[in-house]
Amino acid sequence: MRQNIEQLVNKILREAKILSPPINAERLAESYFELDFDCGKLNGTELAGLKVAEKKIYINESRAEELAANSGLKNFTIAHELGHWVLHRALIGKHSKQIEREADRFATCLLMPENRVREAFAKLPSWLPVEMKLNFLAEKFCVSRTAMKIRLSQWELKLMHVDFKDYSCYQSKEDFLEKKAGQMRLF
């Protein structure tokens, strides 16, 4: 299913003629999937929910300010609900860890396409501090830093290994360990 989700997302992006980041999940929901948005009370602490019969994504009114303040979280949340729309429309109302993981995978592939993230990552100077790399990539793809950190870790992209005594930078853990055994901080 993992590979199928990525292929499906790539097909959607091609059909919607979205060629580069950032991908605006709300605009895609409205223009490509013809879904509407509304605010409402949702059960629990969910950020958003999908009403299939109404073709609407509901933003939990008790969490609306939180989403408004964090555009990356909002974009990922909407993309997650799009994942449910595309993958689980017939299963709405049923919840499982597998269904939620698949919706997260859909959102991840949609907002952070592998080829685009790898390309952007490769263009970053190796000396750039980790926090700046994460901030830049998260902003470029309009996702949270946490989402970007998880996406990068899926490919084991090494951000940087730094010795904070002399601020020496190493591209691999092995290089660092050879030169600075025991003085490691990984990112």
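The values are calculated or read from the model by the stated rules, or taken from the named source; none is laboratory data. Owing to the predicted nature of the structure, the values given are computational and were not obtained by experimental measurement. Cβ sites come from the backbone with ideal geometry, for glycine too, and all protein chains shown count toward neighbours. Ligands, DNA and RNA are stripped out before the accessible areas are found, and what is left, the full protein with its side chains, is counted by its heavy atoms. Shrake-Rupley method; radii C 1.70, N 1.55, O 1.52, S 1.80 Å.
Here are a few things to note about the model shown:
- Among the chymotrypsin sites (Phe, Trp or Tyr not before Pro) in the stretch 49-148, those located in a DSSP loop and surrounded by at most 16 other Cβ atoms within 10 Å of their own Cβ are Trp127.
- Apportionment of accessible area to carbon and sulfur, the stretch 63-151, percent (1.4 Å): 55 percent
- Taking all protein chains as shown and a probe of 1.4 angstrom, Leu35 keeps an accessible surface of around 0 Å².
- Relative contact order %, the stretch 1-148, counting alpha carbon pairs below 8 Å whose residues are six or more apart: 27 percent
- Heavy-atom accessible area, probed at 1.4 angstrom with all protein chains present, ranks Ile18, Ile23 as Ile18, Ile23, highest first.
- Accessible surface of Glu100 - all protein chains present, 1.4 Å probe, nearest 10 Å²: 60 Å²
- Under 10 Å, Cβ to Cβ, from Leu35 - net charge with Lys/Arg +1 and Asp/Glu -1: -3
- Residues Cys39, Cys109, Cys142, sorted by accessible area with the largest first, give Cys39, Cys142, Cys109 [1.4 Å probe; ligands and nucleic acids excluded].
- A DSSP coil position with no more than 11 other Cβ atoms inside 10 Å describes the following trypsin sites (Lys or Arg not before Pro) in the stretch 1-98: Lys17, Lys41, Lys94.
- Computed from backbone phi, the HN-Hα couplings of the stretch 15-23 come to 5, 7, 6, 9, 9, 8, x, x, 9 Hz, rounded to whole numbers (Karplus: 6.51 cos²θ - 1.76 cosθ + 1.60, θ = phi - 60°; Gly and Pro given as x).
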